[in-house]
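Below you'll find the structure, written out as structure tokens, and then a few comments.
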Amino acid sequence: MAIKLALLKSGEQVIADIMELVNEDDKVVSLVFSNPYIAKLLTPELLMENSVQLNDEIEHKVAFSPWIVLSSDKKMALDPKWIVTIVEPHEWIKKSYEEKMNAVTAEQSQSENSIADIWANVPTVDDDEEEDKITLIENFEVLTEETNG
């Protein structure tokens, strides 16, 4: 897995497993982003002149959101001309992204399993029950007609 951070011409910072698609001349024709997410810094990037910094480290927080929200695709091809640069993300950002991807994968797996569990637990209707339901419906219709009639 080659998790990288790409800066796009649009200004978006996209983190993804990025692979190159090359033609027979080894020229990159497209970049494939697997599980692309926008990485957005939530803490201020700059300190004000009058602010006091107690540590050498500033605590940063990053939020991840799907890159193309309205798409269900997990892999997306991107024209290399739209890339400003591709860099190695900080280790803590990479770790946070990997944790998110593991959680998303587990959630998708769980929802697929729960749908299968639901179908497995749906009771089957035998012919006798079906006849009883039809009789009940017919009786209801008769009672409804008598009441309204």
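Structure notes:
- In segment 69-102, the residues that are basic (K, R) and either over 13 Å from the mean Cα position of the chain (by Cα) or farther than 25 Å from V29 by Cα (or both): K81, K94, K95, K100
- For segment 32-61, the set of residues classified as touching a Ser or Thr at 6+ places or on another chain (Cβ under 8 Å) and modelled with pLDDT under 70 consists of I58 only.
- Scanning segment 6-33 for residues that are closer than 19 Å to V62 by Cβ and either surrounded by 14 or more Cβ atoms within 10 Å (Cβ to Cβ) or in contact (Cβ under 8 Å) with a residue 12 or more places away in the chain (or both) yields A6, L7, L8, S10, E12, Q13, V14, I15, A16, D17, I18, F33.
- Checking each residue in segment 10-31 for being among the charged types (D, E, K, R) and either at pLDDT below 90 or more than 23 Å from the chain's Cα centre (by Cα) (or both) picks out E24, D25, D26, K27.
The values are calculated or read from the model by the stated rules, or taken from the named source; none is laboratory data. All figures in this text were calculated on a predicted structure; none of them were measured in a lab. Every residue, glycine as well, gets a Cβ built from its backbone with ideal geometry; the counts of neighbours run over all protein chains shown.
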